[in-house]
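Here the structure is laid out as structure tokens; the discussion comes afterwards.
The values are calculated or read from the model by the stated rules, or taken from the named source; none is laboratory data. Keep in mind that what you see is a predicted model, and the values were worked out from it rather than measured. We place every Cβ from the backbone using ideal geometry, glycine too, and count neighbours over all the protein chains shown.
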């Protein structure tokens, strides 16, 4: 229980709303794919994960992601497998994720997990931990949760907040 409260408090502390993307110029094919997916009037959730990550597996358990995706048909979901040589589609399918029309799975070509070699940012936004979850609308980053396992009620609120009109 203490661990759960600490993680939730930490996640809330690092939850950062942004009005503009850090870098509007994708520099790689994977960045271009992510930029294309997020350049939509629909809310788009981009989730960085790896099949070996225990926190990522915990988010999949008990219908976590499958229920969230099914409950949000007007939201697009892009899972990006990082720090891993395969995309993990088999694991996602085991937990009921991946067949939805609003779901896309991408594999980052740099599979290294070694410090100094692994992918550390995309679209100019740092990735230092997985899982990491970003919420976009209209091609702009609205929220970034960069430190570990998320709570789906909190993500649901961020999705709702992202549908509101924002001054640009």
For segment 23-30, check the following and say yes or no: at least one residue is in contact with a helix residue (DSSP H, G or I) (Cβ under 8 Å, 6 or more places away or on another chain), at pLDDT below 75 and surrounded by 13 or more Cβ atoms within 10 Å (Cβ to Cβ).
yes
List every residue pair whose Cβ atoms lie under 6 Å apart, where the two residues are 6 or more positions apart in sequence or sit on different chains, the first residue falls within segment 147-164 and is at positive phi and assigned to a helix (DSSP H, G or I), and the second residue, located anywhere, is modelled with pLDDT of 95 or more and surrounded by 20 or more Cβ atoms within 10 Å (Cβ to Cβ).
none
Anything in segment 102-117 that is modelled with pLDDT of 95 or more and assigned to a loop (DSSP other than H, G, I, E, B)? List them, or say none.
102
Determine whether segment 91-101 contains at least one residue that is over 18 Å from residue 48 (Cβ atoms), in contact with a helix residue (DSSP H, G or I) (Cβ under 6 Å, 6 or more places away or on another chain) and in a loop (DSSP other than H, G, I, E, B).
yes
Candidates 67, 116, 63 - the one that is over 14 Å from the mean Cα position of the chain (by Cα), farther than 17 Å from residue 37 by Cα and without any contact (Cβ under 8 Å) to a residue 12 or more places away in the chain:
116
Is there a residue being within 21 Å of residue 151 (Cβ to Cβ), modelled with pLDDT of 95 or more and surrounded by fewer than 18 Cβ atoms within 10 Å (Cβ to Cβ) anywhere in segment 80-96?
yes
Hey, could you check segment 106-124 for residues that are touching a strand residue (DSSP E or B) at 6+ places or on another chain (Cβ under 8 Å) and surrounded by fewer than 18 Cβ atoms within 10 Å (Cβ to Cβ) and say which is nearest to residue 145 (Cα to Cα)?
120
Looking at residue 100, is it farther than 23 Å from residue 35 by Cβ, in contact (Cβ under 8 Å) with a residue 12 or more places away in the chain and surrounded by 14 or more Cβ atoms within 10 Å (Cβ to Cβ)?
no
Quick one: is residue 71 exposed (fewer than 14 other Cβ atoms within 10 Å of the Cβ) and either out of contact with any strand residue (DSSP E or B) (no Cβ under 6 Å at 6 or more places or on another chain) or more than 25 Å from residue 41 (Cβ to Cβ) (or both)?
yes
